[in-house]
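What follows is a single structure, written as structure tokens, with notes after it.
The values are calculated or read from the model by the stated rules, or taken from the named source; none is laboratory data. Just so you know, these numbers come straight off a predicted model, no measurement behind them. Please note: Cβ atoms are built from the backbone with ideal geometry, for glycine as well, and neighbour counts cover all protein chains shown.
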């Protein structure tokens with residue numbers, strides 16, 4: 001399993017999710033975006049619709065009709081009825097169920113830094129986990145590195 005830690009510093013969660021989701025779709029992957037906060041899921045949904053006008057990022061909500069057909073599924077849990085192999089944890093809270101995905105992107109803000117650091121150390125000691133950190137530069141690009 002690969003876990004990418006994204007330290008939010010410039011762009012908000014909804015915009016970051018939209019950028020990462022576009023890349024996942026371009027790679028031919030399906031995605032689950034996880035947040036226990038319904039207002040955060042709504043903001044993410046809005047950002048996905050607004051990406052590129054007619055080139056919006058198709059998505060739906062878990063529990064709604066046709067959830068299995070959605071390339072991007074917004075959910076409060078790490079369940080993938082759309083058969084996604086990738087997940088974005090938008091609310092910064094790790095769930096052990098996320099271990100079932102091939103790749104997980106954990107977004108965290110400065111308030112979640114300590115919890116993310118603890119999780120990083122745990123994964124660094126686990127040979128089954130490939131963990132990486134990404135930070136945003138002043139231009140808005142993400143760079144891998146400590």
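When the test is whether a residue is touching a residue at least 40 places away in the same chain (Cβ under 8 Å), surrounded by fewer than 19 Cβ atoms within 10 Å (Cβ to Cβ), in contact with a helix residue (DSSP H, G or I) (Cβ under 9 Å, 6 or more places away or on another chain) and within 25 Å of residue 140 (Cα to Cα), residue 109 passes it.
The test for being modelled with pLDDT of 95 or more and loosely packed, with under 13 Cβ neighbours inside 10 Å holds for residue 39.
Scanning region 1-60 for residues that are touching a strand residue (DSSP E or B) at 6+ places or on another chain (Cβ under 9 Å), in contact (Cβ under 8 Å) with a residue 40 or more places away in the chain and not in a helix (DSSP H, G or I) yields a total of 18.
Looking across 103, 143, 95, 132, one residue alone is more than 20 Å from residue 76 (Cα to Cα), surrounded by 13 or more Cβ atoms within 10 Å (Cβ to Cβ) and in contact with a strand residue (DSSP E or B) (Cβ under 9 Å, 6 or more places away or on another chain). It is 132. If residue 78 passes every condition in (1) outside any loop (DSSP other than H, G, I, E, B); (2) in contact with a strand residue (DSSP E or B) (Cβ under 6 Å, 6 or more places away or on another chain) but one, which one does it miss? Status for residue 78: all satisfied but (1). Restricting the search to strands (runs of 3 or more DSSP E) fully inside region 93-146 and requiring at least 2 residues that are farther than 28 Å from residue 83 by Cα gives 130-136.
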